[in-house]
Amino acid sequence: MNFERHHKSLLFSRLSLEKRQFVQVVFGPRQVGKTTMIGQILKELAIPSHYVSADGVSSGQQVWISQQWEIARLLVQQSGKNEGLLVFDEIQKLENWSEAVKREWDLDTMNGLALKVVLLGSSRILLQRGLTESLAGRYETIYMGHWSYSEMQEAFGYDEDQFIWFGGYPGASSLIQDEKRWKQYVLDSLIEASISRDILMLTRVDKPALMRQLFVLGCHYSGQILSFNKILGQLLDAGNTTTLSNYLNLLDTAGLLNGIEKYSSDLIRQRSSSPKFQVYNTALMSAQNDLTFQEIKMKPDLWGRWVESAIGAHLINCSRDGNFTVHYWRERNDEVDFILKYREKVVALEVKSGAKVRASGMEAYKRKFPQCKTYLIGSSGLPVSQFLKMNPIELF
């Protein structure tokens, strides 16, 4: 498949500049096309390049980075050009990687060598930690989120309902006609790989079974608000609310499960609120559900949860690029599905699937915040398919 995501043109333009400026850092969940994108760029850039992956390299081999750097320098020297490209994939798996990158980058700067560098990684928290510790002022980031409805439709012909159920994993698209096989692929190659390799292998987790239970529970209740105390009552392993909050943060950095915070003008109250679970990709819900695509569509109440989760997933993926934040609002029995905040502007969204009968909290919210824009998505509102194709920043 030769489909190109919009991130490619952004990275390509940065790498095409005559002078190198910053280390380019591309991060995002597994299987969203980071390696494919860099492969496309390597074929198009007319400069010497060297691509390596830290997968399988011992974490303590910091010298490995310097060795790869020397190879890239040699390729530039042999080409007779003054510039080249060095790409490290999954570099966050190496200890103290940022110190080695800083040392080699600064050495090239001192020697006037325009060796451009790209770092790819799926663990946002480990990448960010290294960048802020050693590479301050030397890097730019590009976030590649899960595939959108527009991308899945253009590349694989998905319709609206297929995207809502099967989500945005391009590698699994060829399996959707064999749903049992599709679910097993998502469970083994995507979910298990993300938890085992992007979290447990790279971060200290004292209770891995508890974190896995939290993930399963969060997927089951995606789109719903649950206090951590209630969550503890449904988990088999012992833990506390602080542990659960930390594990939810790890799942969030891996692009799996987010805990949306309540909207409040009081930041302390906002951050201490009960989370609203939200998957980053509805495939994570569907793969763990016993029902099939055709069976779930015959159950309007259940299907409505997938519709709302698809909207929520679209919002939190877009929020990384759009620099807006996603919240929910609730007071007593009144609730609004999503509140978006961009700078000083706020937008309220309510999702209405065909059979959704929950009392609307929009009237109560509008009374409290009369200047706020409000939108209805779904029945008698903005069509779901249209919303899933738009950039939410346009709402402001």
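The table for this structure:
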{"quantity": "Leu42 paired with Asp301, simple spin-label distance in nm, labels 7 Å along Cα-to-beta-carbon", "calculated": "5.3"}
{"quantity": "GluC sites (Glu not before Pro) restricted to DSSP loop in region 284-362 with at most 15 other C-beta within 10 Å", "calculated": "Glu344"}
{"quantity": "Relative contact order of the chain, defined on C-alpha pairs under 8 angstrom at six or more residues apart (%)", "calculated": "13"}
{"quantity": "Lys/Arg +1, Asp/Glu -1 at C-beta; region 6-143 dipole; positive extreme among Val118, Tyr143, Ser53", "calculated": "Tyr143"}
{"quantity": "Percent of beta bridges antiparallel (DSSP, the chain, rounded to nearest 5)", "calculated": "35"}
{"quantity": "Least to most buried among His7, His220, His314 (fewest other Cβ within 10 Å first)", "calculated": "His220, His7, His314"}
{"quantity": "Gyration tensor (alpha-carbon) shape descriptor, region 139-202, a/c threshold 1.5", "calculated": "oblate"}
{"quantity": "Neighbour count of at most 12 Cβ within 10 Å plus DSSP loop: longest trypsin sites (Lys or Arg not before Pro)-free window in the chain", "calculated": "20-203"}
{"quantity": "Cα-derived Rg to Rh of the chain, Kirkwood definition", "calculated": "0.99"}
{"quantity": "Whether region 6-143 is rounded, prolate or oblate, judged on the alpha carbon gyration tensor where a/c under 1.5 counts as rounded", "calculated": "rounded"}
{"quantity": "Theoretical gain in end-to-end length, Lys207 to Asn333 [0.36 nm per residue, Cα-Cα removed]", "calculated": "41.9 nm"}
{"quantity": "Long pairs among Lys8/Lys116; Lys262/Lys341; Lys299/Lys352; Lys262/Lys366; Lys262/Lys297; Lys43/Lys93, criterion Cα-Cα beyond 20 Å", "calculated": "Lys262/Lys297; Lys43/Lys93"}
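Bear in mind that the values in this text are calculations on the coordinates, not laboratory data. These figures come from a predicted structure and were not determined experimentally. No Cβ is skipped: glycine too gets one built from the backbone with ideal geometry, and neighbour counts run over all protein chains shown.
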